[in-house]
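A short worksheet on the structure shown next.
The values are calculated or read from the model by the stated rules, or taken from the named source; none is laboratory data. These numbers were taken from a predicted model, which means no experiment stands behind them. Methodologically, a virtual Cβ is constructed for each residue, glycine included, from the backbone with ideal geometry; neighbour enumeration extends over all protein chains shown. When the accessible area is computed, the model is the full protein with side chains, heavy atoms only, and any ligands, DNA or RNA have been set aside. Shrake-Rupley method; radii C 1.70, N 1.55, O 1.52, S 1.80 Å.
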Amino acid sequence: MTLLRTIVMRLLTTAITLFGVAVIVFVVIRVVPGNPIAMMLPPGATDADIARLEAQYGFDKSIFDQFVIWFGGVLQGDFGTSISLRQPVSSLVLNRLPATLELSFVALVLAVMMGGALALVGTRFRDGKTEGAVDVTAGMALSIPDFLWGLVLILLFGVLWPVFHISGRVSPSLDIDFHTNFYLFEAIARMRFDVIGDLAAHMFMPALALAIPLAAIISQLLKQSLKETMHLDYVTLARTKGYGENHVILREALPNAILPTLTLVGVQCTFLIGGTVIIERLFSYEGLGNMAIDAVINRDLPLIQGIVILFALLFTLVNLAVDMLYVVLNPRLRHA
């Protein structure tokens with residue numbers, strides 16, 4: 001009952017948060033100078049042409065009336081029509097969402113692998129030069145933002161040593177007749193190794209650029225948690241039983257030290273998804289972030305609103321999932 005009550009309260013909080021985001025975004029993008037309708041028309045358009053399109057998209061009404069109409073459509077799954085692309089916003093956003101989710105997932109896996117490895121090495125050889133080297137490596141990785149890592153990776157593996165693709169999501173020459181836009185997951189399910197290899201060649205550099213700063217944060221927090229756990233009584237008892245240091249770290253200390261890191265990964269995962277906006281643009285990756293920049297440039301208000309609402313929904317769902325997982329993994333909270 002406690003877990004169910006927690007889920008219900010978080011869902012209510014999520015609904016309130018999304019409504020607040022919708023109100024703020026809707027108002028802010030309309031008070032910013034610039035007329036999106038004027039960008040759609042040729043230079044010789046008359047005032048009558050502008051008025052006709054404003055009436056078509058509802059811009060001739062007050063902001064309150066526009067919001068009521070738009071939000072009523074959102075509750076029915078209708079986010080409006082894109083001004084620049086002349087297509088339903090919901091279909092445009094959902095077509096691009098899988099690419100961004102796959103990129104974020106691969107980046108998260110890389111970050112956990114690299115950060116976890118650094119933390120384990122730093123803990124195993126703590127209080128020595130190896131731990132110092134781990135700290136320096138993590139500091140360097142964290143001090144450089146992800147888009148600069150992207151530029152470095154493009155220079156190294158796209159120009160000087162061209163082993164990976166520097167733009168796009170998949171090669172046009174490939175025959176992809178998948179049922180969904182989750183190309184990577186569906187290719188793995190169908191064992192299409194040619195598609196998997198091509199997707200990996202396109203995805204590796206943007207995913208690595210996103211993963212490096214997060215890996216540094218994971219390594220530092222997990223290493224600190226492991227070092228604190230290594231002084232607890234049950235770890236000392238495991239040593240007295242004759243277990244080796246590797247066994248003590250992996251089997252005794254790690255399961256308890258990983259809980260604080262799990263919370264951090266959940267929080268940072270939202271920043272990881274947000275970071276895809278710049279990285280997708282840098283690598284011309286066909287995801288939601290790249291579309292968001294195009295929407296801002298074109299002042300495509302319905303598309304901007306749909307993308308922001310979807311990002312907000314992803315952030316809240318990720319935080320909810322992490323909170324629930326933390327309760328499940330922590331017996332003290334589960335039986336509270």
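Taking amide H positions as modeled 1.01 Å from N, with prolines and chain starts lacking one, the residues under 5 Å from T81 and 5 or more places away or on another chain are V89.
Using the 1.4 Å probe convention, the accessible area of the chain works out to 53 Å² per residue with neighbouring protein chains retained.
For helix 2-31, what angle does its Cα long axis make with the longest principal axis of the chain, in degrees from 0 to 90 and rounded to 10? For helix 2-31, the angle is close to 40 degrees. Selection among L103, L226, A133 by position relative to the dipole of the chain gives L226 as farthest towards the positive end (Cβ unit charges, Cα centre).
Send over the per residue convex hull volume for the chain, Cα only, as a whole number of Å³.
Working: hull volume 64.6 nm³, N = 336.
It comes to 192 Å³ per residue, whole-number rounded.
On the accessible surface of the chain, probed at 1.4 Å, how many percent belong to carbon and sulfur atoms? Kindly include the intermediate steps, with their values, before the conclusion.
Details: 12130 of 17740 Å².
Ligands and nucleic acids excluded, carbon and sulfur give 68 percent.
Rounded to the nearest 0.05, the FRET efficiency derived from the C-beta distance between S173 and D127 at R0 = 51 Å is 0.40. Calculated FRET efficiency, W161 to S284, Cβ-Cβ distance, R0 = 22 Å: about 0.65 to the nearest 0.05. Against the chain, whose longest principal axis is taken from its Cα atoms, helix 301-329 shows a tilt of about 20°. Excluding same-chain neighbours fewer than eight residues apart, the lysines reachable from K129 by a Cα-Cα span under 26 Å are K223, K227.
Between helix 47-57 and the chain, what is the angle of the helix's C-alpha long axis to the longest principal axis, kept within 0 to 90° and rounded to the nearest 10? Taking Cα atoms only, the helix is inclined about 50 degrees.
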